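Comments concern the structure below.
The values are calculated or read from the model by the stated rules, or taken from the named source; none is laboratory data. Please read all numbers here as calculations on a predicted model, not as lab measurements. No Cβ is skipped: glycine too gets one built from the backbone with ideal geometry, and neighbour counts run over all protein chains shown.
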Amino acid sequence: MTTIQKSIDVHEPVRTVYNQWTQFETFPQFMEGVDRITQISDTRTHWKTSIGGVTREFDAEITEQHPDERVAWHTVEGPSQRGVVTFHRLDNENSRVTLQMEYEPETLTEKAGAALGVVEHRVAGDLRRFKEFIEHRGQATGAWRGEVPRPGQAGEQPSTGEPRADRGGVTGQSVPPTGEGGPGQHRGPAAGQAGSAV
């Protein structure tokens, strides 16, 4: 497995930064090589990526999520990848986003890219573009303030990846872009292809 860790400071409050990160369907606007993300359930997304001339589709599952703190994921099928994005309050107007990711390069080209730091460079670029995206907007496009407990935590129900009336152990509410109100904002779980950061 290849491991990457990158951080970036963002001139926005941690709540705003976290809220934007939960809007996974906006990732193609700032992540290189991410063509489309489709919501399947509260804890699963379907990804389509085009990297190095190779198009891939795969599903990813949120394994843990806590508002303003962390989003952890792993791929369900396709390229082997897992990671966590953590959010840190620096002060009232500034925050830090840290991405830790492990992935298994599959092809010779991917293995060469990993050895040369191509994926690490791409992840740094994705974080930089995310920073520019949210700082330019000044507010999140929406939010999902739900909780996904870490596997093995009390009260957790196993996720099947299918939407359920009881939300499959997922608790919380979506928040419209204004940050006020309740349910209604669609969200999708994070995951990524080697080179895309969640």
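Summary table
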{"item": "Matching residues in segment 59-83 - criterion: being part of a loop (DSSP other than H, G, I, E, B), of a type in the set (D, E, K, R) and over 26 Å from Arg15 (Cα atoms)", "result": "Glu77"}
{"item": "Residue list for segment 50-107, filter: more than 20 Å from Ser7 (Cα to Cα), touching a Pro at 6+ places or on another chain (Cβ under 9 Å), of a type in the set (D, E, K, R) and modelled with pLDDT of 95 or more", "result": "Glu61"}
{"item": "One residue from Arg56, Arg15, Arg36 being of a type in the set (Lys, Arg) and in a helix (DSSP H, G or I)", "result": "Arg15"}
{"item": "Residue match in segment 101-122 (condition: in a loop (DSSP other than H, G, I, E, B) and polar (S, T, N, Q))", "result": "yes"}
{"item": "Count of residues meeting criterion [polar (S, T, N, Q) and part of a loop (DSSP other than H, G, I, E, B)] in segment 18-33", "result": "1"}
{"item": "Count of residues meeting criterion [assigned to a strand (DSSP E or B) and loosely packed, with under 15 Cβ neighbours inside 10 Å] in segment 90-100", "result": "2"}
{"item": "Options Thr86, Thr3, Thr45: the member that is in contact with a strand residue (DSSP E or B) (Cβ under 7 Å, 6 or more places away or on another chain), in a strand (DSSP E or B) and closer than 15 Å to Tyr103 by Cα", "result": "Thr3"}
{"item": "Single match in Thr38, Thr55, Thr2 (criterion: more than 25 Å from Ser95 (Cβ to Cβ), surrounded by fewer than 21 Cβ atoms within 10 Å (Cβ to Cβ) and touching a helix residue (DSSP H, G or I) at 6+ places or on another chain (Cβ under 6 Å))", "result": "Thr2"}
{"item": "Residue pairs meeting the criteria (Cβ under 8 Å; at least 6 apart or on separate chains; first of a type in the set (Lys, Arg), in segment 43-64; second modelled with pLDDT under 90 and not in a strand (DSSP E or B))", "result": "Arg44/Ser159; Arg44/Gly161; Arg44/Pro189; Arg56/Gly78; Arg56/Pro79; Arg56/Gln193"}
{"item": "Segment 38-49, residues that are of a type in the set (Val, Ile, Thr) and touching a His at 6+ places or on another chain (Cβ under 7 Å)", "result": "Thr38, Ile40"}
